[in-house]
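The values are calculated or read from the model by the stated rules, or taken from the named source; none is laboratory data. None of the values given here were measured: they were computed from a predicted structure. Here the Cβ positions follow ideal geometry from the backbone for every residue, glycine too, while neighbour counts run over all protein chains shown.
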2 protein chains.
Amino acid sequence: MATTKRAPAGAAVLRGDITVAIRNAVMNELAEVGYGRLSIEAVARRAGVGKTAIYRRWSNKLEMVMEIVSDVAERKVPLPDTGSFAGDLELLMMIVSRALQHRIASQIIPDLMAEAARNPQIAETLQRALRTHQQALAEKLVGQAVARGELPEGTDAGLAVDMMLGPLYWRLAIAREPVADDYLEKLALAVTGALRAAHP
Amino acid sequence: MATTKRAPAGAAVLRGDITVAIRNAVMNELAEVGYGRLSIEAVARRAGVGKTAIYRRWSNKLEMVMEIVSDVAERKVPLPDTGSFAGDLELLMMIVSRALQHRIASQIIPDLMAEAARNPQIAETLQRALRTHQQALAEKLVGQAVARGELPEGTDAGLAVDMMLGPLYWRLAIAREPVADDYLEKLALAVTGALRAAHP
């Protein structure tokens, strides 16, 4: 009995290890060669697994990449509650700015955005993941701030998303300008001021 | 005399026409196949000119694409003075949002950003063009607003760039969410509030 119980547990751990190995291989291949030139063969080789291990999990390259990237993107941004809106914003923006400056993310994100501009299926998957996740994030942070009396009731969560992520994305991923020590603090003040000013 | 005078004038017009034809061909090829697969041959064919006409103007593909794209990018954003900061912002953001939603721009920009992530020379050229142009733009609009008493002296023009372009870029080019009728007006209020709140 004991051995038959241990066997599936061991297999589950192994399955988990293989999934982690494949995920890391996909992220590294995406960074190195981009989505267009990524092949299941190269991922399998890099992960040290057979192609069947991949096809057992995903039916094609698009499905594999989209699931892995969505998972990683959603893992990267937790929902903070530091006790103040400024604190929540600063923490969120610190996490986002680190993610955007990460070697792998800074290669993968522009590449997937370019693929999305050519492939409606990629565009739709990425946008659905982004929207759902961001909207939930903004609603939580804005909701907390309204409850604390820091923002007016009915503050626009959609505008909050654009304000919390847009300037940072622009600076780090597009203009690729450095972020000064006090920039995030300043940005947190700016976003709070923006949401108050835009409220009707 | 008259004929010898007309001849160079005619040649100049022709040279200008050819440059326009090449520029349009480059923009369309960039949108269709992307920088990586763009070839001088295809541009020449599309523009209806010989390859020598291209090599007379630029020494290679990188130089050609960077000069054309920088020119177009700088042409797209004039420096408005509508009499109020909110008006200047709304006009600027209307121009930027139209440019970002343009079929060709929405293909070319993500592609060049992906190339920039892989090719430091492209990254540097694009960032230099962006920085110089944006900084000048922000300094002009902020300077006008300070002179009108709408923003405090010493308002951060670097932060203004991120605030004026980031949220719009995020919404239109990354999340690809639609812009509601009153969005730009709201955004102009938000940006003004942001710059006031971030001022020390």
Looking at segment A:182-192, can you tell me whether even one residue there is among the basic types (Lys, Arg) and either closer than 21 Å to B:Pro178 by Cα or surrounded by 15 or more Cβ atoms within 10 Å (Cβ to Cβ) (or both)?
yes
Which one is nearest to A:Glu115 (Cα to Cα), of the residues in segment B:77-114 that are among the acidic types (Asp, Glu) and surrounded by fewer than 22 Cβ atoms within 10 Å (Cβ to Cβ)?
B:Glu90
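Residue by residue, here is whether (1) free of Cβ contacts under 8 Å to residues at least 40 places away in the same chain; (2) in a helix (DSSP H, G or I) holds:
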position	(1), (2)
B:Val33	yes, yes
B:Gly36	no, yes
B:Ala42	yes, yes
B:Ala73	no, yes
B:Pro80	no, no
Segment A:110-125, residues that are hydrophobic (A, V, I, L, M, F, W, C) and facing chain B (nearest Cβ under 8 Å)
A:Met113, A:Ala114, A:Ala116, A:Ala117, A:Ala123
Given the conditions (1) surrounded by fewer than 20 Cβ atoms within 10 Å (Cβ to Cβ); (2) in contact with an Asp or Glu (Cβ under 9 Å, 6 or more places away or on another chain); (3) under 23 Å from B:Glu177 (Cα atoms); (4) within 11 Å of chain B (Cβ to nearest Cβ), and given that A:Arg128 satisfies all but one, which numbered condition is not satisfied?
(2)
Subset tally (residues that are over 19 Å from A:Ala105 (Cβ atoms) and either surrounded by 18 or more Cβ atoms within 10 Å (Cβ to Cβ) or among the charged types (D, E, K, R) (or both)) for segment A:141-181:
17
By residue number, the members of segment A:155-176 that are more than 7 Å from chain B (Cβ to nearest Cβ) and more than 16 Å from A:Ala138 (Cα to Cα) are A:Leu172, A:Ala173
Scan segment A:177-192 for residues that are of a type in the set (D, E, K, R) and either within 7 Å of chain B (Cβ to nearest Cβ) or in contact with a Gly (Cβ under 8 Å, 6 or more places away or on another chain) (or both) and report the count.
2
Matching entry among B:Leu130, B:Leu151 (being modelled with pLDDT of 95 or more and among the aliphatic types (A, V, I, L, M))
B:Leu151
Checking A:Leu195 against (1) under 30 Å from A:Arg37 (Cα atoms); (2) assigned to a helix (DSSP H, G or I); (3) at the interface with chain B (Cβ under 9 Å from one of its Cβ atoms), which test does it fail?
(1)
Keeping to segment B:106-127, report how many residues are without any contact (Cβ under 8 Å) to a residue 12 or more places away in the chain and within 12 Å of the chain's Cα centre (by Cα).
1
Might you let me know whether segment A:133-140 holds any residue that is in contact with a Leu (Cβ under 8 Å, 6 or more places away or on another chain) and not hydrophobic (A, V, I, L, M, F, W, C)?
yes
Yes/no for A:Val26 being β-branched (Val, Ile, Thr), at pLDDT 90 or above, assigned to a helix (DSSP H, G or I) and buried (at least 19 other Cβ atoms within 10 Å of the Cβ)
yes
With the structure loaded, tell me whether B:Ser84 is among the polar types (S, T, N, Q) and within 18 Å of B:Tyr169 (Cα to Cα) or whether it fails that test.
no
Which condition does A:Leu151 not pass, out of (1) free of Cβ contacts under 8 Å to residues at least 12 places away in the same chain; (2) more than 7 Å from chain B (Cβ to nearest Cβ); (3) not acidic (Asp, Glu), if it passes all the others?
(1)
Answer yes if at least one residue in segment A:174-184 is assigned to a helix (DSSP H, G or I), small (Gly, Ala, Ser) and under 22 Å from the mean Cα position of the chain (by Cα), and no otherwise.
no
Condition first: in contact (Cβ under 8 Å) with a residue 12 or more places away in the chain and either not assigned by TED's automatic domain parsing to the domain that holds B:Leu184 or not acidic (Asp, Glu) (or both). Now tell me which residues in segment B:88-104 satisfy that.
B:Leu89, B:Leu92, B:Met93, B:Met94, B:Ile95, B:Val96, B:Ser97, B:Ala99, B:Leu100, B:Gln101, B:Arg103, B:Ile104
Kindly provide the set of residues from segment A:32-47 that are surrounded by 18 or more Cβ atoms within 10 Å (Cβ to Cβ) and modelled with pLDDT of 90 or more, ordered by number.
A:Tyr35, A:Leu38, A:Val43, A:Ala44, A:Ala47
